[in-house]
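Only one structure is covered here, and it is reproduced in the block below.
The values are calculated or read from the model by the stated rules, or taken from the named source; none is laboratory data. Everything numeric here is computed off the predicted structure, so don't read it as measured data. Here Cβ is always computed from backbone atoms with ideal geometry, including for glycine, and neighbour counts include all displayed protein chains. What goes into the accessible areas is simple: the full protein's heavy atoms, side chains included, and nothing from ligands, DNA or RNA. Shrake-Rupley method; radii C 1.70, N 1.55, O 1.52, S 1.80 Å.
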Amino acid sequence: MHLQMTSRLLAAAFLSLVAGCQGEPTQSPEGSQSATLSAKADCVQRFDGITTCAKGNATLATSEKGVQVLGLKDAKTDGVSSTFNAGITWSQQAQIRVGSQNGSITLSARDGDQVVSALRITSSADRVVNVTPAFTGSSEGNYRMNVYRDGRLVSTTHQPASFSITFYDWWSFVNWWNSHWNFFNWRHYVHGGDRSLDGACAWRIGSPGTTFSVRGADGKTVVGDTAEFVEEIGDGAYPYRHFSGIDVNASATDFLVTGESFGQEK
């Protein structure tokens, strides 16, 4: 089913990657391979337990506001890499200005050097933004999309591997985007008791205080405030219990990390 999303306002976007990622990855998502860290070892430890390093041509500058990431010209190589020890949850708050109709952001979750899941967000003409999740836990790479409103599930659809979701009227993505990204290991006792998702990767995107519309092939429109992309677990998949880093690559004019944290299994 081809889905089209219309967002009335996503100026304060909330994204999360639900992880654990069952399965021995057979390949990395296209375009999500971890780029080489800056040759000058431009790294800081601004946030507790996290080493933040520049990637590609990017440079870092710290202040009381957070970590400013500069030099983001090419989303394939330039960005910021966060590394920590045996994480099961991760959160980053950032202010991003893409600044052009061709800007993009790619989030990549890593287990060591292996990218286990990625989310690519690309802007284009007419205020259109395409969002494409990629999963490696099974050869199929299929995923389900859940839409929530006020914490209540209002829609679930199933999508093929690397199916791109189109958002409309997301002009804040180009102008100034206050984002909140999260990454955590899926646990059935936390997420509605669905044991089939244990160890799955998932991405979650929403807009606090606002709603968006989802239009399916049947023409029906569903209104929600959170969309979730959850990996479909393949037979015989092997779950990762922890992850060690998140890379955020971007082609953007401004990128300020204002907060970041991670959690470990108790």
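Principal axes first, then extents: for the Cα atoms of segment 74-130, list largest minus smallest coordinate on each axis, whole Å, largest first.
41, 22, 18
Could you work out what % of the accessible surface of segment 59-160 is carbon and sulfur, using a 1.4 angstrom probe and leaving DNA, RNA and ligands out of the count?
44 percent
So, taking all protein chains as they sit and a 1.4 Å probe, how much accessible area belongs to D111, in Å² rounded to tens?
Surface open to solvent at D111 totals about 60 Å².
Can you list the HN-Hα couplings for segment 105-122, worked out from phi with the Karplus curve (6.51, -1.76, 1.60; θ = phi - 60°), rounded to whole Hz and with x for Gly and Pro?
Whole-Hz 3J(HN,Hα) from phi for segment 105-122: 9, 10, 9, 10, 9, 10, 10, x, 8, 8, 7, 9, 6, 8, 9, 10, 10, 10.
Got a sec? Which residues in segment 248-266 would a label at V44 touch, if it sits 7 Å along Cα→Cβ and we count backbone N under 11 Å?
256-259
Among D78, D254, D48, D225, what's the order by accessible area (1.4 angstrom probe), most exposed first?
Values: D78 0, D254 50, D48 140, D225 30 Å².
Ranked from most to least accessible, the order is D48, D254, D225, D78.
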